[in-house]
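Reading through the structure tokens given below for one structure.
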Amino acid sequence: MKVGLFIPCYIDQFYPQVGIATLEVLEKLGMDVSYPLNQTCCGQPMANSGFAGLTKGCNANFIENFKGIDYVVSPSGSCVLHIKEHLHSAENKEQAEFLQHQTFELCEFLTDILKVEKINATFEHRVGFHNSCHGQRMLGLSSMSEKVGERFSKPLSLLKQVKGLELAELNRNDECCGFGGTFCVTEEAVSVKMGKDRVADHLSKKVEYITGGDMSCLMHLEGILKRQKSEVKIIHIAEILNSK
Amino acid sequence: MSSREKILSNIRQNRPKEEVALPTNIDFENFTDDKVQKFVAVLKSIGGEAVEADVDFIKKDISLYFSKTLKIINLYPNLEIIGEDIAQIKDAHDLALVDLAIIEGRMGVAENGSIWLDETCFGGHRVLPFITQHLIIVLKKENLVENMHKAYKNLKINEIGFGLFLAGPSKTADIEQSLVIGAHGARSLKVYLV
Amino acid sequence: MKTHSQASDIFNQDEPRVDWHDESLWFIRQKRDKAAFAIPEWENLRDIASQIKENVLANMDTYLLEFEEKAQQNGIQIHWAADAEEHNQLVLQILQKHGFKKMVKSKSMLTEECHLNPFLEKNGIEVIDTDLGERIVQLRNEPPSHIVLPAIHLKKQDVGDTFHEHLGTEKGASDPQYLTEAARQHLREKFIAADLALTGVNFAIAETGGFVVCTNEGNADMGAHLAKVHIACMGFEKIIPKAENLGVFLRLLARSATGQPVTTYSSHFQKPRAGQEMHVIIVDNGRSTQLGREDFRSSLKCIRCGACMNTCPVYRRSGGHSYHSAVAGPIGIILAPNLDMKKNKDLPFASTLCGSCTNVCPVKINIHEQIWKWRQEVINEGYAGFEKTQGIKLMNTVLSNPKIYRFAGKMGRQTMRFAPFLVNNSLNKWFKNREMPAPPKESFREWYLKNRNNNKNEQ
Ligand code: SF4
């Protein structure tokens with residue numbers, strides 16, 4: 001199974017360790033993983049600012065990079081969502097549709113495609129999980145507090161396999177953190193308040209780490225934690241799944 | 001072109017052209033609770049009270065809570081409570097001083113504790129169940145239905161002039177979300193299930 | 001006028017108050033959850049409600065005509081208003097025909113949208129809002145901040161002060177029970193004295209020519225059954241085909257709005273009472289335009305339950321007034337640009353697109369997707385402003401071109417200037433209350449080249 005790794009731009013630039021962890025988790029599971037070197041961005045930052053019309057370049061680049069690959073896997077629900085919903089190409093329609101279908105968020109890939117039931121990882125800490133909206137509500141990685149139906153969570157089912165990990169239960173399990181792309185600066189006041197409130201929920205549950213599947217949310221929460229000089233750290237779920 | 005024509009022609013031009021079938025005959029037959037129990041419990045949760053009763057109990061109960069000196073309008077025939085004669089009241093505004101109205105409900109809905117009342121329940125004044133300070137409704141247990149779908153199956157809305165589902169006493173939470181019973185309508189609702 | 005973000009900035013200066021506002025609305029969201037989860041067929045009901053409304057959109061003209069015909073047979077007078085101005089004129093004409101000077105009004109977001117109150121007051125009519133929350137904001141000369149809970153932004157002390165000033169309650173008294181009682185007494189007088197009552201319409205039924213008004217306080221009924229003339233105003237999208245459809249909508253409406261199983265009063269007006277005059281005004285005011293916008297027409301399915309507002313993390317932390325529009329919150333964001341895109345161009349950006357609104361909506365409007373689409377519209381219409389457009393274009397150049405991207409990353413990583421969401425040097429905005437991550441020595445790509453690359457890929 002040929003897996004192409006899609007590492008979103010801000011992970012590439014700010015959080016290389018998350019890319020490394022993702023790569024290693026997949027390799028440990030026996031995947032043939034490659035990282036196409038000319039990838040940049042899914043195009044979401046432009047599209048969500050109202051400039052979807054501009055993203056042709058990003059789309060073409062994405063399609064070009066992931067030629068000949070069975071699955072694209074990425075440690076970011078948000079970018080995966082964007083690919084799934086908005087990857088278009090007039091010239092290369094078939095390939096675009098194929099990639100829309102074959103692009104997976106890491107946790108989902110592990111639970112649904114690889115059907116992982118035993119992760120060989122140890123992480124002896126108390127952890128709070130942040131549900132990113134794009135991962136949860138749009139990709140359906142877990143059930144949502146608004147919807148009547150069965151409760152489940154793909155990322156939590158993985159975390160529960162990690163030895164020594166203690167999961168905290170939050171007051172608001174799936175409230176948005178307020179990152180929201182350019183929202184974090186255009187609506188600075190509300191964005192920060194939302195972030196502070198999310199952080200406060202985790203802190204009240206005495207967590208040592210806040211984890212999640214979307215580095216953008218976590219970067220925002222980290223920014224607030226650091227400003228508050230908190231000891232609590234953020235860590236991407238891939239890093240936990242890759243820990244020994 | 002009149003506004004009517006203008007609006008309608010804009011709508012015709014702009015409405016979606018694909019037809020979506022209208023869902024009909026909706027019902028959910030998954031209701032297993034006892035209707036009386038459910039109705040009593042739900043009504044309690046929304047600030048009202050319902051008890052199973054017979055005529056003697058009702059008479060006693062009312063005399064316990066409402067003194068004869070109050071202004072009472074009784075439209076439930078079997079109670080021998082002499083109150084004001086609503087037929088003598090020509091102007092609805094004169095009902096502003098009514099303390100208690102006793103009326104008969106037509107149908108109760110277990111899922112939400114509401115009672116269907118129609119024009120024939122009010123002695124000629126639609127405002128009665130709202131303007132009275134306190135409201136008592138006598139309802140036949142056999143007229144309880146499970147849910148709103150069943151309720152509408154039983155109703156012939158186009159045959160009435162006015163009717164309503166009434167669920168509990170009037171209430172508001174407009175000040176800091178604290179629930180206050182007795183906004184503009186009746187301050188209390190008691191239902192006797194006979 | 002302040003933009004949403006400017007107004008939110010001010011709103012957030014009092015953080016404890018923001019917490020209080022957030023908690024009040026979250027509490028209602030929790031009540032909604034409890035009510036919804038008690039109905040196993042909830043999601044099924046939402047599907048059905050949505051389908052009924054889709055059917056309405058496709059048959060709007062037929063249903064409206066059917067309604068008109070049946071309502072007239074019932075003795076109700078029907079009027080059509082193309083816009084807000086015509087609606088207001090129609091109301092005034094009815095008042096003037098009778099020589100009336102006083103009217104009571106129960107909640108109608110449509111009349112807020114049309115700015116009916118200031119118009120009537122200019123014409124010498126005393127308008128009394130009778131919903132408690134609406135009365136409170138009316139006395140304070142403010143617009144409602146929420147479609148279901150008009151005074152949700154106020155504390156009981158604020159209400160106490162207002163009532164002390166206008167209704168003569170004791171100074172400093174802020175007990176909700178006491179204040180509500182004062183309002184009850186005050187408004188009873190107004191009900192008794194009013195010549196005309198105006199109400200909104202929750203549902204108008206084509207099949208029967210009647211309409212349904214839902215309240216908890218009983219104010220719509222107190223007004224309508226005492227006044228000589230009753231006017232009910234409705235946006236045309238309030239039409240539903242059959243009475244039996246109400247079974248679906250009434251099960252959803254109050255549970256979604258406040259978590260109650262049903263509103264206290266669900267009043268079915270079918271014919272005027274003897275000697276009474278009953279009017280229905282059917283209003284367009286931009287709705288037929290919205291109906292023609294394929295991406296946005298389903299916003300007309302809205303039954304105004306307010307659930308999307310209660311659940312919205314942005315609304316809860318910015319307050320209804322920050323949306324500078326009669327309808328605030330997520331549904332306001334997708335309705336307002338249709339009426340005036342220029343004035344409301346900021347609203348589609350007042351969202352994180354988290355999608356919670358779409359999940360609670362009882363008629364399944366894809367609210368967050370429409371917010372996203374309105375962003376595209378606003379930009380396509382050229383409302384972005386030069387600076388922003390340049391910023392995004394630059395960002396796009398960087399992000400769609402691998403070589404430039406890598407170069408910009410290398411340079412930007414160290415100075416923290418590389419972050420795709422930080423348009424136009426808005427780094428300061430990020431830093432105001434947040435830190436940036438510590439810059440790593442190398443990017444993932446650089447690491448990969450050193451540690452894994454076996455020349456499978458060209459560099
Ligand atoms: S959009 Fe949906 S959730 Fe929001 S007010 Fe309308 S019906 Fe309610």
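The values are calculated or read from the model by the stated rules, or taken from the named source; none is laboratory data. Because the structure is a prediction, the values reported are computed rather than measured. Counting neighbours? That spans all protein chains shown, and the Cβs are built from the backbone with ideal geometry, glycine included.
Checked against (1) closer than 23 Å to B:M1 by Cα; (2) within 23 Å of the chain's Cα centre (by Cα); (3) facing chain B (nearest Cβ under 10 Å), C:E85 passes all but condition (3).
Restricting the search to strands (runs of 3 or more DSSP E) fully inside segment B:1-117 and requiring at least 2 residues that are touching a helix residue (DSSP H, G or I) at 6+ places or on another chain (Cβ under 8 Å) and surrounded by 14 or more Cβ atoms within 10 Å (Cβ to Cβ) gives B:49-52, B:100-104, B:107-109.
Do we have A:D32 as more than 10 Å from chain C (Cβ to nearest Cβ), surrounded by fewer than 24 Cβ atoms within 10 Å (Cβ to Cβ) and in contact with a helix residue (DSSP H, G or I) (Cβ under 8 Å, 6 or more places away or on another chain) here? Here the answer is no, as A:D32 does not meet what is asked. Looking at C:D340, is it more than 9 Å from the ligand (Cβ to nearest atom), outside the structural domain of C:L116 (by TED's automatic domain parsing) and over 30 Å from A:R137 (Cα atoms)? Yes: the conditions hold for C:D340. Only one entry in C:C305, C:C233, C:C312 is buried (at least 24 other Cβ atoms within 10 Å of the Cβ), away from the ligand (no atom under 15 Å from the Cβ) and touching a residue at least 40 places away in the same chain (Cβ under 8 Å), namely C:C233.
Every test in (1) modelled with pLDDT of 95 or more; (2) more than 13 Å from the ligand (Cβ to nearest atom); (3) more than 20 Å from C:N245 (Cβ to Cβ) is passed by C:L291 save one, and that test is (3). For segment C:329-381, the set of residues classified as out of contact with any helix residue (DSSP H, G or I) (no Cβ under 6 Å at 6 or more places or on another chain), more than 18 Å from C:R304 (Cβ to Cβ) and away from every other protein chain (no Cβ under 11 Å) consists of C:D340, C:M341, C:K342, C:K343, listed by residue number. Any residue in segment C:159-167 that is at positive phi and surrounded by fewer than 20 Cβ atoms within 10 Å (Cβ to Cβ)? No, segment C:159-167 contains no residue that is at positive phi and surrounded by fewer than 20 Cβ atoms within 10 Å (Cβ to Cβ). In segment A:120-140, the qualifying residues are those that are part of a loop (DSSP other than H, G, I, E, B) and in contact with a helix residue (DSSP H, G or I) (Cβ under 6 Å, 6 or more places away or on another chain), and the one that is nearest to C:T311 (Cα to Cα) is A:S132.
Candidates are the residues of segment A:169-222 that are polar (S, T, N, Q) and within 22 Å of C:S8 (Cα to Cα); the one that is modelled with the lowest pLDDT is A:T182. Every test in (1) more than 10 Å from every other protein chain (Cβ to nearest Cβ); (2) out of contact with any strand residue (DSSP E or B) (no Cβ under 6 Å at 6 or more places or on another chain) is passed by C:N245 save one, and that test is (1). Among the criteria (1) over 19 Å from A:M1 (Cα atoms); (2) away from chain C (no Cβ under 14 Å); (3) modelled with pLDDT of 90 or more; (4) out of contact with any helix residue (DSSP H, G or I) (no Cβ under 6 Å at 6 or more places or on another chain), the one A:S143 does not fulfil is (2).
Here's the yes/no breakdown for (1) touching a residue at least 12 places away in the same chain (Cβ under 8 Å); (2) in contact with an Asp or Glu (Cβ under 8 Å, 6 or more places away or on another chain); (3) within 14 Å of the ligand (Cβ to nearest atom):
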residue	(1), (2), (3)
C:I331	yes, no, yes
C:N344	yes, no, no
C:A350	yes, yes, no
C:S356	yes, yes, yes
C:C361	yes, no, yes
C:I365	yes, no, yes
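Of the candidates C:L253, C:L291, the single residue that is closer than 28 Å to C:I94 by Cβ and part of a helix (DSSP H, G or I) is C:L291. Of all residues in segment C:248-280, those that are basic (K, R), within 7 Å of chain B (Cβ to nearest Cβ) and within 16 Å of the ligand (Cβ to nearest atom) total 1.
Scanning segment C:415-445 for residues that are modelled with pLDDT of 85 or more and at the interface with another protein chain (Cβ under 8 Å from one of its Cβ atoms) returns C:K432, C:N433, C:R434, C:E435, C:P440, C:E442, C:S443, C:F444, C:R445. Just one residue in the set A:G195, A:G223, A:G180, A:G212 is small (G, A, S), closer than 22 Å to C:D22 by Cβ and in contact with a strand residue (DSSP E or B) (Cβ under 8 Å, 6 or more places away or on another chain); that residue is A:G212. Report those helices (runs of 4 or more DSSP H) wholly inside segment C:40-159 carrying at least 3 residues which are more than 21 Å from C:L339 (Cβ to Cβ) and in contact (Cβ under 8 Å) with a residue 24 or more places away in the chain. In segment C:40-159, C:42-58, C:60-73, C:84-98, C:132-139 are the helices (runs of 4 or more DSSP H) which contain 3 or more residues that are more than 21 Å from C:L339 (Cβ to Cβ) and in contact (Cβ under 8 Å) with a residue 24 or more places away in the chain. Residues that are assigned to a helix (DSSP H, G or I) and surrounded by 19 or more Cβ atoms within 10 Å (Cβ to Cβ): does segment C:191-214 have at least one? Yes, because at least one residue in segment C:191-214 is assigned to a helix (DSSP H, G or I) and surrounded by 19 or more Cβ atoms within 10 Å (Cβ to Cβ). What about C:A206, is it more than 30 Å from C:F27 (Cβ to Cβ) and in contact with a Pro (Cβ under 6 Å, 6 or more places away or on another chain)? Yes; evaluated as a whole, the condition is true for this residue.
Considered as a group, the residues in segment A:1-23 that are touching a strand residue (DSSP E or B) at 6+ places or on another chain (Cβ under 9 Å) and in a helix (DSSP H, G or I) include one that is farthest from A:K244 (Cα to Cα), and that residue is A:I11. For the criterion of being within 14 Å of chain C (Cβ to nearest Cβ), within 30 Å of C:E237 (Cα to Cα) and either over 24 Å from the mean Cα position of the chain (by Cα) or at pLDDT below 95 (or both), B:K90 fails.
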